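Everything on this sheet refers to the single structure shown next.
The values are calculated or read from the model by the stated rules, or taken from the named source; none is laboratory data. The shown structure was predicted, so the numbers you read here are calculated from the model rather than taken from an experiment. Virtual Cβ from ideal backbone geometry, glycine too; neighbours counted across all protein chains shown. When the accessible area is computed, the model is the full protein with side chains, heavy atoms only, and any ligands, DNA or RNA have been set aside. Shrake-Rupley method; radii C 1.70, N 1.55, O 1.52, S 1.80 Å.
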Amino acid sequence: MLALTELGQRLRQERESKGLSLEDLQKLTKIQKRYLLGIEEGNYEVMPGKFYVRAFIKQYCEAIGLDTDAIFEEYKSDIPSTQTEDMPQQLSRVRSRKEIPQHTKGVSKAYDYLPTVLVVAGVVVVGIIIWVIAQNIVSDKNKEQANQEAPNSEVQQSNTQEETNETTAKNDNSTSEDDQSAADKKEKEKEKAEKEKAAKEKAEKEKAAKEKKDSGKQEYKEVQKTGRSATYALSGTDAFNLEVTSTQADTWLDVKNGKGNAFFSSILKKGETKEFDLTKETEARVNIGYSPGVELKVNGKAVNLPFDSSKQVRQVVTIQYQPAEAQ
């Protein structure tokens, strides 16, 4: 195994202090494990190219919450400068003349079959002409027969019209009954929908009134800030519910109470939300590995992170909770 560089030792210590394995870091950065190990060991030869070394180190630092610019400045002797690499020459794919298919023989064979094709085409044309003549003869016979049967057809047509009128009248009555039934069903569905809508609106109003009442009492204020950590005091409420959502990328999330008991300690995937009922706790510590795009809500109300995420990637937020009934 290669000896660790100073940069590699610093990165490994920071990773292990957060309880992250190389597999966890691979999921966060999408960088293969062997490249992450190469960064820690200073073995840049395993990289796909020297151009990627600085990019991979930058992603590694961001994932574990280190200041990238500061790391690059402090360990610039351990990090190779960006270099361009020659692109591999494209292999020639030109085919030789011997590989090109010859078509002249095929054309010659087509000419040999031409007389046979012409004879077949002539037979088909004659068949079509005979078929057209036969159809005209049959059509003329049908017209003569129709003229002879016309008087009887008129009587039958009259009887058929009367039967049709009776059937239409019955169908109209049946349709009227079906329309009435459909109208009644539609009216009942409309009444049901209106009742459900009214109940939903009532529930939403009651919920909004409760949230407004709670928000009027709840107080969330900053107590102190130091380094990457900040402490806040939550008071004026009988509930302590915390929501954490990551909207931009996967992030490491660690949520513990004041006694160090963990509620969650793992990767929070992009688009995922975790909810915690901390009403019975007096303190909660929220450790965020990659804060850009992370949103916090306390009792359903959004609260700001203590630091600018573009400047402080890793942030630790401690919330001290005192129930309203205890005040």
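Specify whether the C-alpha gyration tensor of the stretch 30-83 places it in the rounded, prolate or oblate class, a ≥ b ≥ c being the square roots of the eigenvalues: rounded for a/c under 1.5, otherwise prolate if a/b is larger than b/c and oblate if not.
On the way: a/c = 1.72, a/b = 1.18, b/c = 1.46.
Oblate, because a/c is 1.5 or more while a/b does not exceed b/c.
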Original post:
How do 66-79, 47-60, 183-196 rank on mean C-beta neighbours within 10 Å, highest first?
Top reply: 47-60, 66-79, 183-196
**OP:** Would you mind calculating the gained length between LYS270 and ILE129 on full extension (0.36 nm times residue separation, minus the Cα-Cα distance), in nm to one decimal?
**Re:** 43.4 nm
Subject >> Label zone at SER229, where the point sits 7 Å out along the Cα-to-Cβ direction: the stretch 271-315 residues whose backbone N lies under 16 Å >> reply: 283-289, 306-307, 314-315
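Of the heavy-atom accessible surface of the stretch 182-268 (probe 1.4 angstrom), what whole percent is carbon and sulfur?
47
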**OP:** Run the quick spin-label model on ALA70 and ASN261: label points 7 Å from Cα toward the beta carbon, then report their separation in nm to one decimal.
**Re:** 3.5
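Rounded to the nearest whole Å², what accessible area per residue is found for the stretch 239-327 with the 1.4 Å probe? Let's see the in-between values first.
Numbers: 4450 Å² over 89 residues.
Accessible area per residue, the stretch 239-327: 50 Å².
Is there a pair in LYS200/LYS301; LYS185/LYS205; LYS225/LYS311; LYS33/LYS297; LYS33/LYS259 whose C-alpha atoms are over 26 Å apart, and which pairs would that be?
Working: LYS200/LYS301 22 Å; LYS185/LYS205 30 Å; LYS225/LYS311 15 Å; LYS33/LYS297 34 Å; LYS33/LYS259 34 Å.
Long pairs (Cα-Cα over 26 Å): LYS185/LYS205; LYS33/LYS297; LYS33/LYS259.
So if R0 is 25 Å, what FRET efficiency would SER309 and GLN32 give, r being the distance between their Cβ atoms, rounded to the nearest 0.05? Please report the intermediate quantities before stating the final value.
Working: r = 27 Å, r/R0 = 1.07.
With a Förster radius of 25 Å, E is 0.40.
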